[in-house]
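Here the structure is laid out as structure tokens; the discussion comes afterwards.
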Amino acid sequence: MKKNVFLFFLTLFAIIFTGCQNNESEFPSSDDPTVVVSTKEIYGAPNRKFEIKAALADDLGLKSVEIQIPELSLDKVISFAADPLLKSYDLSYFFEVPANRGTSEAFKIKLIITDVSGNVVNEEANLRLDGEFAAPSITMVTPKEGAVILLSTSNEMPVNFVVNDDSGIDYVQVKCEALGIDETVTLTGSPQSYTFNKTYTLPVTAADYVLTITAKDKFAIPNTGTLSVNIVATNEYPAIYLCDQPKGTNLTTDAVGVPMYFHEKSGQDFEFKYYADTDNKEIYFLGQESGFAPHCFGLNPSGELVDDVASTAVILPTKGYYIIKINPNTLKYTATKYTPSSKVWADIANGLWHDDEALRKPFVSVCGGGIQGADWDTWTAWVQTGLHLSNNPNNPYQLVGEYTLTGTMEATFTGQWWSPSWRLIKNGICTMSPGENGNAKYPAAAGVYKVVLDTELERVFITKK
């Protein structure tokens, strides 16, 4: 009996061994696999991902590739299917450097490539953690985004910007295809800061232009930064804005309504409706939305309206609503106080959702995108009580609140089933629905914002808190 058992296991072992031998024979001897890494020097940084790229190939078939960095506890094996055999593979593997590593550290990345014939090839690349990945920063001094160049005054366009980069600047480029501008300044010594200042001459015909600024740094793997600036060259102002912020305020940090877009326009006569929330309110009129230059209308020492960035503010003497008219060509303005007669949406804080219209009480919340907690369902607007606006105790025509924005936003301020509702369209205009045009999208940095819906002005002001 023992002999029979012995023979049985001997036969079974022989079958298994033969089977293994037959499997081995499926893959005859072949040439070594090849590997070409995209770069021998890879730059990373603590708490940042880097990419390992390589082209792998074998004349018969690849079996696996192993990626090792022992010091960073990286030991990754990528195995390939044997049916069908894979003869080439573009390796692209991302790995995040632990946050506790130092920027002065360096490591070896080891790649172990095995083919189906059992041939093994090793390849190495260097990993350095002193990488610099930020693109050069470009700060425009002039012209600002949306700048208006009044050709009737001057057809010169001063271009002034500052470039900064930690690893040093290689070159800066100024381009505007429509104006035939293509100027590159190559810098010597890799300075970390550079100021460009040059004046270009524009054609005397009105047109819109896009000025593109590009800067490249001197890092081993160069980074490039680009900034596009839209410019309007015109014989008359397409828009005038009313600004009640102190001179020098950054007018691009708020989301909507600062500075305020005009209400009516006839030729170069612009009309605003405006609410002064205090006595002796200071305002300016701007020829562009993005800042106080180049066209800032205020008062000179004689009390006359001038287009001068050094001018002082126009004063509205008492709190209340005004109709303000200005002509930037004749440099004349008037400010007349008035009493609104539009509907007052009172006591909205005690709103009530009810299917029976006779039993419901109005509330005003918001539907839209880019607003934390909001979507396009008026039921969501109702149940998310943090989105509800309340009455401004100091002005019955204003509804106020506070929203957290998560990015580019669009909004309709609404009650139950869109009644009442005000749609936020372009230029901060908020028309009572049904109104013309669709909802506009407004880029906004994430954060908390104060919200003021002025139902008399049909304007919304969403300002960074």
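The values are calculated or read from the model by the stated rules, or taken from the named source; none is laboratory data. Here the structure is a predicted model, which means the values were calculated and not measured. Cβ atoms come from the backbone with ideal geometry, glycine included; neighbour counts cover every protein chain shown. Quick note on the areas: whole protein, heavy atoms, side chains included, nothing else; ligands and nucleic acids left out. Shrake-Rupley method; radii C 1.70, N 1.55, O 1.52, S 1.80 Å.
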Study note, to complete from the structure: Quick calc, the range 128-184, dipole around Cα centre from Cβ unit charges on Lys, Arg (+) and Asp, Glu (-), nearest 20 debye, gives 200
Review point. Got a sec? Charge dipole of the chain, +1 on Cβ for Lys and Arg, -1 for Asp and Glu; which of Leu424, Pro294, Val451 is way out at the positive end?
Key: Val451
Check your understanding: Helix 2-25 versus the longest principal axis of the chain: what angle, 0 to 90°, nearest 10, using Cα atoms?
Key -> 50
Study note, to complete from the structure: Applying the gyration tensor rule to the Cα atoms of the range 242-381 (axes a ≥ b ≥ c; rounded if a/c under 1.5, else prolate if a/b exceeds b/c, else oblate), the class is prolate
Point to revise | Sites Gln372 and Lys247 - FRET efficiency at Förster radius 41 Å, r taken between beta-carbons, to 0.05 | key: 0.80
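Say a site is exposed when it is one of the GluC sites (Glu not before Pro), sits in a DSSP loop, and has at most 15 other Cβ atoms within 10 Å; what is then the longest site-free stretch of the chain? Walk me through the numbers on the way to the answer.
Values: sites that count: Glu26, Glu105, Glu236, Glu304, Glu357, Glu436.
Maximal segment without exposed cleavage sites: 106-235.
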**Study point:** Share of alpha-carbon pairs per 10 Å distance bin for the range 18-98, given as whole %
**Key:** 15, 41, 26, 14, 4, 0
Check your understanding: Given only helices, namely DSSP H runs of n ≥ 4 each adding -39500 (n - 2.57), what is the per-residue ellipticity at 222 nm of the chain, to the nearest 500 deg cm²/dmol?
Key -> -2000 deg cm²/dmol
Study note, to complete from the structure: Any trypsin sites (Lys or Arg not before Pro) in the range 40-85 that lie in a DSSP loop and have at most 15 other Cβ atoms within 10 Å would be Lys40, Arg48
Practice item. Starting from the Cα of Lys332, draw a straight line to each of the lysines and keep only those under 17 Å, dropping any in the same chain fewer than 8 residues away. Key: Lys265, Lys273
Practice item. At most 15 other Cβ atoms within 10 Å and a DSSP loop assignment: could you name the chymotrypsin sites (Phe, Trp or Tyr not before Pro) in the range 354-396 that fit? Key: Trp376
Check your understanding: With the Cα gyration tensor of the range 345-465 giving a ≥ b ≥ c as the square roots of its eigenvalues, does the rule (a/c under 1.5 for rounded; else a/b larger than b/c for prolate; else oblate) give rounded, prolate or oblate?
Key -> rounded
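Per residue, how much accessible area does the range 257-312 have with a 1.4 Å probe, in Å²? Mind dumping the intermediate values first?
Values: 2350 Å² over 56 residues.
Each residue of the range 257-312 exposes 42 Å² on average to a 1.4 Å probe.
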Check your understanding: For the range 165-287, what's the relative contact order in percent, using C-alpha pairs closer than 8 Å and at least 6 residues apart?
Key -> 21
**Study point:** For the chain, with +1 on Lys and Arg beta carbons and -1 on Asp and Glu, the positive-most of Ala99, Ala310, Tyr274 along the dipole
**Key:** Tyr274
Exercise for review: Treating cross-link reach as a plain straight distance, find the lysines whose alpha-carbon is under 28 Å from the alpha-carbon of Lys87, omitting any fewer than eight places away in the same chain.
Suggested key: Lys40, Lys53, Lys63, Lys76, Lys108, Lys110
Practice item. Return one whole number: the accessible area per residue of the range 46-98 in Å², for a 1.4 Å probe. Key: 56
Study note, to complete from the structure: Once normalised by the length of the chain, the mean sequence separation of its alpha carbon contacts under 8 Å that are 6 or more apart gives a contact order in percent of 9
Study note, to complete from the structure: Among (1) 24.9; (2) 20.7; (3) 39.3, the value of mean projected area of the Cα convex hull in nm² computed for this structure carries the label (3)
Review point. What lysines sit close enough to Lys198 to cross-link, taking a C-alpha to C-alpha distance under 28 Å and skipping anything fewer than 8 places away on the same chain?
Key: Lys144, Lys175, Lys216, Lys218, Lys247
Check your understanding: Using alpha-carbon positions, what is the distance between the centroids of the range 319-384 and the range 156-202, in Å?
Key -> 45
Practice item. Can you tell me the dipole magnitude for the chain around its Cα centre, using point charges on the Cβ only (Lys, Arg +1; Asp, Glu -1), in Debye to the nearest 20? Key: 880
Review point. What percent does the relative contact order of the range 303-388 come to when contacts are Cα pairs within less than 8 Å and at least six residues apart?
Key: 16
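Using a 1.4 Å probe over the heavy atoms of the protein chains, calculate the carbon and sulfur portion of the accessible area of the chain as a whole percent.
Ligands and nucleic acids excluded, carbon and sulfur reach 51 percent.
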**Study point:** Whether the range 85-221 is rounded, prolate or oblate, judged on the alpha carbon gyration tensor where a/c under 1.5 counts as rounded
**Key:** prolate
